[in-house]
Structures are given as C-alpha cells and as structure tokens.
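Here's the structure, in structure tokens; my notes come after.
Bear in mind these aren't lab numbers, they're just calculated from the coordinates by the rules spelled out. This structure is a prediction, so every number in the text was calculated from the model and none was measured. FYI the Cβ positions are ideal-geometry reconstructions off the backbone, even for glycines, and counts take in every protein chain you see.
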Amino acid sequence: MQNLKFCKGQNFTLVELIAVLAVLGILISLLLPALQDARQLGIQTVCLNNTKSWGTGSIMYHKQNQKFWDINNYPYRSSGKRGNTGWGRPEVTERPVNEYLGYKTNGVEVPAALCPNDTYWRVDKDASTYDTLGTSYCDNLASNTIGKRGGNGHKSLRGLNVAKVVNPSTCLLFMEWPIVSQSYRPNEDFPSWHFKQQYFNVTMVDGSAKFIKILVGQVIGDNFNFEYDR
C-alpha cells in the first residue's frame with residue numbers, strides 16, 4: 001500500500017483565518033439587507049394580491065346586483081371572518097364579498113383577508129386588525145370610510161352603480177386598514193405596513209391593483225377619490 005504523505009505548511013494561519021472570517025462577515029452584511037428587501041417585497045405582493053381579490057369580488061357582486069352593497073356603515077364588514085370585538089362581530093356569511101371568493105362557512109379563518117404585515121389596528125392596540133375586525137382590508141362603501149370628515153361625511157360608493165363613478169381608474173374600491181385609520185385619526189402617526197411609508201396596497205373601481213402613495217384625508221371632487229402619486 002502506498003504510504004500517504006501529508007503536505008506540510010498548508011494549514012491556515014490565525015491571521016488568514018481572521019481575514020477569511022472578515023470577508024465572510026462583509027459579504028453577509030451586504031446580502032442580508034437585499035434578502036430582507038426581497039422578503040418584504042414578497043409580503044407586499046401577497047397583500048396586493050389579497051386586495052386585488054377583494055376588489056374583484058366586489059366587482060362580481062356589482063355585476064350581479066347592478067350596484068354596490070348598502071348594508072352597513074362600517075368599511076370592514078364586507079369581507080373577512082368574525083372578529084374579536086363588537087365592531088367585527090358579523091360572521092363570514094354576513095359579509096357580502098366573501099361568497100365571491102369561496103368563503104361560505106361561519107367560524108372559519110379567511111386567509112385572503114389577512115395581510116402578512118398586519119400588526120395593529122390602532123397605534124395604541126397590540127392586536128392585529130384581522131383579529132380585531134375580521135379583516136386587514138376595508139372598502140370605500142361606508143359614508144365615513146375616507147376623506148375629510150364632518151357633517152354627513154363624504155360621499156362613498158355605498159349602494160351606487162359604478163356608472164356614477166367619474167374616473168374608475170382613480171377611485172378607491174378596496175384598501176388596507178391603515179388608510180382608514182389615518183382618516184379617523186389624522187393627528188396620529190399610522191405607519192404603512194410595508195417598506196415605504198405612506199404607500200399602501202389598493203384596488204380601484206376598474207379592478208386595477210396598485211401600490212401607491214396616499215395623501216390621506218383628501219378627496220377629489222365628488223367622485224370619491226384619494227389623491228395619489230401616479
């Protein structure tokens with residue numbers, strides 16, 4: 001059998017080992033932010049798809065009934081599960097858009113109603129909007145959903161035929177809860193659930209879903225719009 005010979009002088013020195021670890025540390029520090037950004041982009045995309053789904057369900061409801069629903073004055077009761085508070089008490093079958101996404105059984109979770117980054121429903125509460133109200137999303141069908149409040153509130157899509165919307169491509173239909181939170185409490189800071197502050201996932205009346213900057217509290221004319229950066 002041939003004798004094995006070990007080469008001498010090939011071991012790492014302490015200095016070389018430290019240098020390698022330093023390089024690895026630099027590479028990891030460069031890669032981690034990119035990985036985190038990719039993860040957040042993925043979560044934001046999931047949320048955008050959820051918003052799109054509820055917008056599509058709302059449009060299907062409209063096509064069947066020739067108008068949007070006119071059943072309540074709460075913007076979060078059209079979709080989702082039964083929440084943990086009185087505000088979120090309607091069951092799955094009592095929320096009109098659920099059946100168009102296949103949710104027709106009470107007492108179940110509604111995954112499409114949960115934004116993965118949903119961590120609060122008000123800044124002074126720890127519970128998520130999904131657990132509290134039953135959904136992470138809201139519609140623009142309650143008279144006090146968005147815009148400057150006062151008097152009878154702003155006009156909404158409640159009970160309307162879509163033909164009355166002046167510009168469906170810029171009129172909000174479904175949106176993330178923080179938009180409504182800021183409308184209710186304009187003097188409080190409600191951060192976005194995602195990586196860009198003041199940017200939110202929304203679906204327009206024409207069915208298009210967007211991740212846009214919302215200037216909260218402003219309504220354009222009488223066609224129920226938020227201003228937003230194009």
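Taken along the Cα-to-beta-carbon direction at a fixed 7 Å, the label points for residue 27 and residue 45 span 2.6 nm.
Going from the residue with the fewest nearby Cβ atoms within 10 Å to the one with the most, 206, 118 rank 206, 118.
Model label points for residue 127 and residue 66, set 7 angstrom from Cα along the Cα-to-Cβ axis, are 4.1 nm apart.
Measuring between alpha carbons in the structure, the pairs from 81/164; 164/196; 67/196; 104/164; 164/210; 81/213 lying more than 24 angstrom apart are 81/164; 164/196; 67/196; 104/164; 81/213.
To the nearest 0.05, what FRET efficiency results for residue 37 and residue 84 with a Förster distance of 30 Å applied to their C-beta separation? So the FRET efficiency works out to roughly 0.35. Neighbour counts of other Cβ atoms within 10 Å put 85, 105, 129, 56 in the fewest-to-most order 105, 85, 56, 129.
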